[in-house]
Amino acid sequence: MVVRFSLIFLLTFSLLACKEEVEHKGSEIPPGTVLNSPVQWERQILYLNSLIQEDDQAILLFYRARAYFNTHQYHLAKLDMDKLMNRSNEISDEYNLLNAWIQLKLGNLEKAQQLIQMSKYGKNQFSNTSTFFLELYIQKKQLNLAQQLLTQIKKDSIHKIANPILELLVVGDTLSLKRYVANNTQMAFKDEFSERTYLNFAIDLVPSLHFQSNCLKELKKYPNDPYYLHAWGMFLKKINKLELSEKVLSKTLSLHPDNMQFKYDFGQLMLQKRDYGKAFEYFSKIPKSSNLFWLAQNDKIICLLNSQQKTQAKALFDTLMKISPQKNQVYTRYYRWFVTTKDSLNQIRQDTLLNLNQ
């Protein structure tokens, strides 16, 4: 018992140490000052796993969540923080800050903003949380706030390093952003958000060899990053390596099971592989609250038609014609399957009356 508590004390001390010169001969965990690479964070995770198996104290869960976050294993970090938040009586500002970052990386924007505002770090977004707020504003399409914050960051920064990706994101200039990506085949950014954005556009804009080099370089550093893995899986799909793509995208879903884009893209892959049952299953996982819901419903019709389930496909078509905000596109896409000549004439009369009444 004494030995175990001594180990916990040593771990806590090493993680909080700020000295430049610290010797840890024979230790399994390096001091906090050298935890600046994915390899060192992975070592910390292994060490913490052994301690948490015996006693999952809140502080140990926090350290492991932080290590998971720094290795881009955001879902595992969230699980540890959820457990910590439910157990700890005192939630510190550091807990809320880390939890906010994790939620932001997982795309839970409202939750992330709520958590950051509960801490002292939400009071001054021009200090060490400026990058958090910048990413938050861009993802929430609050571009005026993003522009103001980026201007302040550039004014306060000692190192005047230009970031064209962020500059174009905050003004919403997608066309110029695509042009920039197409003309720059080497990815060299300091922040993971810019790299993710670059890869999302680059998959269709830069030569395959350059995309492959950029993506694999990041995956070598962060093999469990769900966004880099997703980009790699989509690239494999693009070059028709469907079996490999399925393996990569399956792993992506295990690392970020709540991401609707990942589920939809996996359904699209299954559709391309003509595994209509599995495609239908994944399209059915898209909730109505998602902006991908109506696209998924359209794709479900395709799955049913190709599975020779025309009755079920017709029922889904009729439902979409009643409730879909995109029913004109649905009608145009599927009328030849479900609409008789008489139905078509009735639809034309209805559309004509609708136009006359407008």
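Determine, yes or no, whether ASN240 is within 24 Å of GLY107 (Cα to Cα) and among the polar types (S, T, N, Q). Against the criterion (within 24 Å of GLY107 (Cα to Cα) and among the polar types (S, T, N, Q)), ASN240 does not qualify. One residue stands out in the range 85-132 among those that are assigned to a helix (DSSP H, G or I) and among the small types (Gly, Ala, Ser): the one that is surrounded by the fewest Cβ atoms within 10 Å (Cβ to Cβ), namely SER130. Scanning the range 260-311 for residues that are among the acidic types (Asp, Glu), without any contact (Cβ under 8 Å) to a residue 24 or more places away in the chain and in a helix (DSSP H, G or I) returns a single hit, GLU281.
So is ILE138 closer than 21 Å to HIS230 by Cβ and of a type in the set (Val, Ile, Thr) or not? Taking the combined requirement at face value, the residue satisfies it.
Listed by first and then second residue, the pairs with beta-carbon distance under 8 Å, at least 6 apart or on different chains, first residue in the range 122-135 and at negative phi, second modelled with pLDDT under 70 and surrounded by 19 or more Cβ atoms within 10 Å (Cβ to Cβ), are PHE132/GLN125; PHE133/GLN125. Go through (1) crowded, with 21+ Cβ neighbours inside 10 Å; (2) farther than 22 Å from GLN113 by Cβ; (3) among the acidic types (Asp, Glu) for GLU135 and report which single condition fails. So GLU135 meets the others, but not (2).
Restricting attention to the range 188-199, the residues that are closer than 16 Å to HIS230 by Cβ and either in contact with a helix residue (DSSP H, G or I) (Cβ under 7 Å, 6 or more places away or on another chain) or surrounded by fewer than 16 Cβ atoms within 10 Å (Cβ to Cβ) (or both) add up to 6.
Okay, residues lined up against (1) outside any helix (DSSP H, G or I); (2) over 26 Å from the mean Cα position of the chain (by Cα); (3) not hydroxyl-bearing (Ser, Thr, Tyr):
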residue	(1), (2), (3)
TRP41	no, no, yes
TYR47	no, yes, no
SER50	no, yes, no
GLN53	no, yes, yes
ILE59	no, yes, yes
PHE62	no, no, yes
HIS75	no, no, yes
ASP82	no, no, yes
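No other residue among ASP225, ASP191 is closer than 26 Å to LEU79 by Cβ and at pLDDT 95 or above apart from ASP225. Just checking, which of LYS251, LYS273, LYS285 is surrounded by fewer than 20 Cβ atoms within 10 Å (Cβ to Cβ), modelled with pLDDT of 95 or more, within 18 Å of the chain's Cα centre (by Cα) and more than 22 Å from GLN73 (Cα to Cα)? LYS285 is the lone residue from the list that is surrounded by fewer than 20 Cβ atoms within 10 Å (Cβ to Cβ), modelled with pLDDT of 95 or more, within 18 Å of the chain's Cα centre (by Cα) and more than 22 Å from GLN73 (Cα to Cα).
The values are calculated or read from the model by the stated rules, or taken from the named source; none is laboratory data. Worth saying up front: this structure is predicted, and the values here are computed from it rather than measured. Here Cβ is always computed from backbone atoms with ideal geometry, including for glycine, and neighbour counts include all displayed protein chains.
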